[in-house]
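Please treat every number below as a calculation from the coordinates, not as lab data. As the structure is a computational prediction, the values presented were derived from the model and not from experiment. No Cβ is skipped: glycine too gets one built from the backbone with ideal geometry, and neighbour counts run over all protein chains shown.
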């Protein structure tokens, strides 16, 4: 028997410190694991994209982030098969010539986030983007798509780009963002160009004591788990089809290595959907006291706070706050705290593999037994049964019962 040919040597030029790039790489890995393709992958050890000297790299093909102008320049004269991954363009002339291009659909990302805010009953909207920069062409496309949506709907176009993120300019940038937020009409829905920008916006709302989502409903783009971890108020985010982009790019390069011509191929990948969380669940409220209280509960409700602490934050007596809650929400402050814990516990039961005891602690229940009692009382289900019902799979409960 003859020896098997050596695996193709493939370079992945991405900055995997970004969630977007990591998910594209994950899609490439999924393609390799689901086929018999064997590639010898070249990535920097710290998962950063460094193109200096790439012209001297002796490989067989490249998949690269073409949102990075340095990558585009470095590969402009490459003789190797290249598959480009990046953002979509409204003007088709902006795509690179003679290179297959897999794009996230910027227009549909924006449309999905904007339509979600409309569905929350909002009528005022704004956009928080990024300042112009050579590597921000994708952000400019999203901003233009947003402006076109508002133009089509005959609504005023309100856009704030802010400053680039830097340690030296952080205080000034935060102050400018707070000033912009204070000047906006309320309530308002704000679509952010990325989750990172959305996190900054939520943080600025907290500094300015602006309630999220009662006064400002926030939607990001990326559904980045790390950003979600750093945001006290769970962040609604549009999910890009990044893994599909990676799988598609790998499939095209695999075909090109076997002689296929994809020089004119351009594939636009739509978003997967939207992960709806607390930051955009707008509920019109008349009482500013209830707005502030719910804002506090969203931030600290799972940390064991009591009704008295909520009242202290708002600056009124417990009796007065309870009266406002009954009038506005038809529930007590304690019930609102418990509802918040239940919602957070339900999200963790569905989306995580944490042990039940850990979920109870994270959601502020005094014990696992108490969490069981509350689930049985409110849902007529144990936490395990709730998890099985929402995951669509039967899971045997520790008591021996099953969903």
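For the pair the range 194-250 / the range 93-114, the C-alpha centres are spaced 20 Å from each other. Taking the range 173-234 on its own, what percent of its Cα-Cα pair distances exceed 14 Å? The proportion of pairs with Cα distances above 14 Å equals 50 percent. Give the distance, in whole Å, between the Cα centre of the range 6-59 and the Cα centre of the range 150-185. The distance from the Cα centre of the range 6-59 to that of the range 150-185 comes to 36 Å.
Using a simple spin-label model with pseudo-atoms 7 Å out from Cα toward Cβ, residue 390 and residue 30 lie 2.3 nm apart. Between 0 and 90 degrees, the angle of helix 288-300 with respect to the longest Cα principal axis of the chain falls at about 60 degrees.
Mean projected area of the convex hull spanned by the Cα atoms of the range 288-391, taken over all viewing directions: 6.4 nm².
The label-point distance for residue 55 and residue 153, in a model that sets each label 7 Å from Cα toward Cβ, rounds to 4.8 nm. Provide the FRET efficiency to the nearest 0.05 for the residue 370-residue 163 pair, computing r from the beta carbons and using R0 = 51 Å. My answer for the efficiency is 0.65.
Taking the chain as a Gaussian network of alpha-carbon nodes connected by springs under 10 Å, the highest mean-square fluctuation of the residues 245, 291, 229 belongs to 229. Rounded to the nearest 10 degrees, the inclination of helix 195-207 to the longest alpha-carbon principal axis of the chain is 30 degrees.
Packing order of peptides 355-365, 211-221, highest average first: 211-221, 355-365 (average count of other Cβ atoms within 10 Å over each peptide's residues). Within the listed set 198, 11, 92, the Gaussian network model of the chain (springs between alpha-carbon atoms below 10 Å) gives the highest mean-square fluctuation for 92. Maximal additional length on extending the residue 123-residue 172 stretch stands at 14.6 nm, based on 0.36 nm per residue less the C-alpha distance. In this structure, residue 41 and residue 334 have a Cβ-Cβ separation that, at R0 = 56 Å, corresponds to a calculated FRET efficiency of about 0.55. Entry note, the chain: the mean residue ellipticity at 222 nm calculated from DSSP H runs of n ≥ 4, each adding -39500 (n - 2.57), is -14000 deg cm²/dmol after division by the residues and rounding to the nearest 500. The orientation-averaged shadow of the Cα convex hull for the chain, equal to a quarter of the hull surface, comes to 25.1 nm². In plain terms, the chain from residue 378 to residue 323 could stretch by 17.5 nm, reckoned as 0.36 nm per residue minus the Cα-Cα distance.
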